[in-house]
Amino acid sequence: QVQLVESGGGLVQPGGSLRLSCAASGFTFSSYAMSWYRQAPGKERELVARISSTSGITNYADSVKGRFTISRDNAKNTVYLQMNSLKPEDTAVYYCKAKIWGMDYWGKGTLVTVSS
(Lines give C-alpha, C1' and ligand atoms only; values in the text may rest on other atoms or scores of the structure.)
Protein backbone atom coordinates (compact mmCIF):
# COMPACT_ATOMS: atom_id res chain seq x y z
CA GLN A 1 0.00 0.00 0.00
CA VAL A 2 1.09 3.56 -0.63
CA GLN A 3 2.62 5.26 2.39
CA LEU A 4 3.79 8.85 2.70
CA VAL A 5 5.27 9.90 6.01
CA GLU A 6 6.32 13.50 6.63
CA SER A 7 8.82 14.55 9.25
CA GLY A 8 10.89 17.55 10.24
CA GLY A 9 8.22 19.97 11.34
CA GLY A 10 8.46 21.97 14.52
CA LEU A 11 8.74 25.42 16.03
CA VAL A 12 11.11 27.90 14.42
CA GLN A 13 11.66 31.63 14.79
CA PRO A 14 10.99 34.06 11.94
CA GLY A 15 13.96 34.12 9.60
CA GLY A 16 14.93 30.59 10.53
CA SER A 17 15.18 27.46 8.44
CA LEU A 18 13.71 24.00 8.50
CA ARG A 19 13.92 20.95 6.26
CA LEU A 20 10.95 18.67 5.83
CA SER A 21 11.22 15.09 4.62
CA CYS A 22 8.65 12.76 3.11
CA ALA A 23 9.46 9.07 3.09
CA ALA A 24 7.55 7.16 0.43
CA SER A 25 6.85 3.47 0.04
CA GLY A 26 4.46 1.11 -1.70
CA PHE A 27 4.98 2.39 -5.23
CA THR A 28 7.69 3.05 -7.78
CA PHE A 29 8.74 6.38 -6.34
CA SER A 30 11.00 7.44 -9.20
CA SER A 31 8.14 7.20 -11.71
CA TYR A 32 5.98 9.89 -10.16
CA ALA A 33 6.04 13.60 -9.55
CA MET A 34 5.80 14.63 -5.92
CA SER A 35 4.33 17.71 -4.30
CA TRP A 36 4.24 19.59 -1.04
CA TYR A 37 1.03 21.30 0.04
CA ARG A 38 0.21 23.26 3.14
CA GLN A 39 -2.90 24.30 4.99
CA ALA A 40 -3.13 27.04 7.57
CA PRO A 41 -6.10 27.41 9.93
CA GLY A 42 -9.08 28.89 8.13
CA LYS A 43 -7.40 28.73 4.74
CA GLU A 44 -7.60 26.50 1.70
CA ARG A 45 -4.95 23.87 1.17
CA GLU A 46 -2.45 25.23 -1.31
CA LEU A 47 0.28 23.83 -3.51
CA VAL A 48 3.68 24.88 -2.22
CA ALA A 49 6.06 23.07 -4.54
CA ARG A 50 6.20 20.27 -7.06
CA ILE A 51 9.03 18.26 -8.56
CA SER A 52 8.93 16.03 -11.62
CA SER A 53 9.69 12.34 -11.51
CA THR A 54 13.15 12.30 -13.08
CA SER A 55 14.01 15.55 -14.84
CA GLY A 56 14.18 17.67 -11.71
CA ILE A 57 11.79 20.27 -13.07
CA THR A 58 10.27 22.22 -10.20
CA ASN A 59 7.37 24.58 -9.62
CA TYR A 60 6.72 26.85 -6.65
CA ALA A 61 3.96 28.98 -5.29
CA ASP A 62 4.74 32.68 -5.69
CA SER A 63 4.66 33.09 -1.93
CA VAL A 64 7.65 30.79 -1.41
CA LYS A 65 9.77 31.39 -4.51
CA GLY A 66 13.35 32.16 -3.60
CA ARG A 67 12.90 30.84 -0.06
CA PHE A 68 11.86 27.19 -0.44
CA THR A 69 13.53 24.43 -2.42
CA ILE A 70 12.02 21.06 -3.26
CA SER A 71 14.30 18.15 -4.05
CA ARG A 72 14.19 14.38 -4.18
CA ASP A 73 16.47 11.44 -3.67
CA ASN A 74 15.04 8.58 -5.70
CA ALA A 75 17.52 6.13 -4.20
CA LYS A 76 16.07 6.88 -0.77
CA ASN A 77 12.44 7.24 -1.90
CA THR A 78 12.38 10.61 -0.20
CA VAL A 79 11.29 14.10 -1.18
CA TYR A 80 12.49 17.15 0.75
CA LEU A 81 11.38 20.71 1.27
CA GLN A 82 14.11 23.08 2.41
CA MET A 83 12.51 26.17 3.92
CA ASN A 84 14.58 29.28 4.51
CA SER A 85 13.75 32.80 5.67
CA LEU A 86 10.61 31.53 7.30
CA LYS A 87 7.78 33.92 8.02
CA PRO A 88 4.87 33.64 10.46
CA GLU A 89 2.54 33.26 7.48
CA ASP A 90 4.34 30.02 6.61
CA THR A 91 2.77 28.46 9.69
CA ALA A 92 0.70 25.51 8.50
CA VAL A 93 0.42 21.77 8.36
CA TYR A 94 2.58 20.62 5.48
CA TYR A 95 1.52 17.60 3.46
CA CYS A 96 3.34 15.39 1.00
CA LYS A 97 1.33 14.24 -2.01
CA ALA A 98 1.68 11.78 -4.87
CA LYS A 99 -0.70 11.24 -7.76
CA ILE A 100 -0.65 7.62 -8.82
CA TRP A 101 -2.86 6.25 -11.58
CA GLY A 102 -5.07 9.31 -11.31
CA MET A 103 -5.52 9.04 -7.55
CA ASP A 104 -4.15 11.42 -4.94
CA TYR A 105 -2.28 9.99 -1.98
CA TRP A 106 -1.55 12.14 1.04
CA GLY A 107 0.64 11.91 4.06
CA LYS A 108 -0.76 12.80 7.46
CA GLY A 109 1.12 16.07 7.57
CA THR A 110 3.71 17.71 9.76
CA LEU A 111 3.12 20.97 11.61
CA VAL A 112 5.40 23.93 11.04
CA THR A 113 5.01 26.85 13.42
CA VAL A 114 6.92 30.06 12.77
CA SER A 115 6.76 32.30 15.80
CA SER A 116 8.94 34.37 18.07
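Key figures
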item	result
Label zone at T113 (point 7 Å along Cα-to-Cβ), backbone N below 17 Å, the stretch 22-60	39-42
Two-site label geometry, K76 and D104: point separation in nm, points 7 Å out along Cα→Cβ	2.7 nm
Rounded D (µm²/s) - the chain, Kirkwood Rh over Cα pairs, Stokes-Einstein at 20 °C, 1.002 mPa s	152 µm²/s
Local electrostatic count, S71, Cβ distance below 13 Å [Lys/Arg +1, Asp/Glu -1]	+3
Accessible area of the chain belonging to carbon and sulfur atoms, whole % at 1.4 Å probe	48 percent
Cα-projected label distance for E44 with S63, points at 7 Å along beta-carbon direction, nm	1.2 nm
Chain lengthening between S55 and V5 when straightened (0.36 nm per residue, less Cα-Cα)	15.7 nm
Cα shape, the stretch 69-116, gyration tensor, a/c 1.5 rule	oblate
Mean Cα-pair separation over length for the chain, i.e. relative contact order, pairs under 8 Å, 6 or more apart, %	36 percent
Rounded accessible area per residue of the chain, 1.4 Å, Å²	54 Å²
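The values are calculated or read from the model by the stated rules, or taken from the named source; none is laboratory data. Fair warning: this is a prediction, and the values are worked out from it, not measured in the lab. Methodologically, a virtual Cβ is constructed for each residue, glycine included, from the backbone with ideal geometry; neighbour enumeration extends over all protein chains shown. SASA here: full protein model, heavy atoms, side chains in, ligands and nucleic acids out. Shrake-Rupley method; radii C 1.70, N 1.55, O 1.52, S 1.80 Å.
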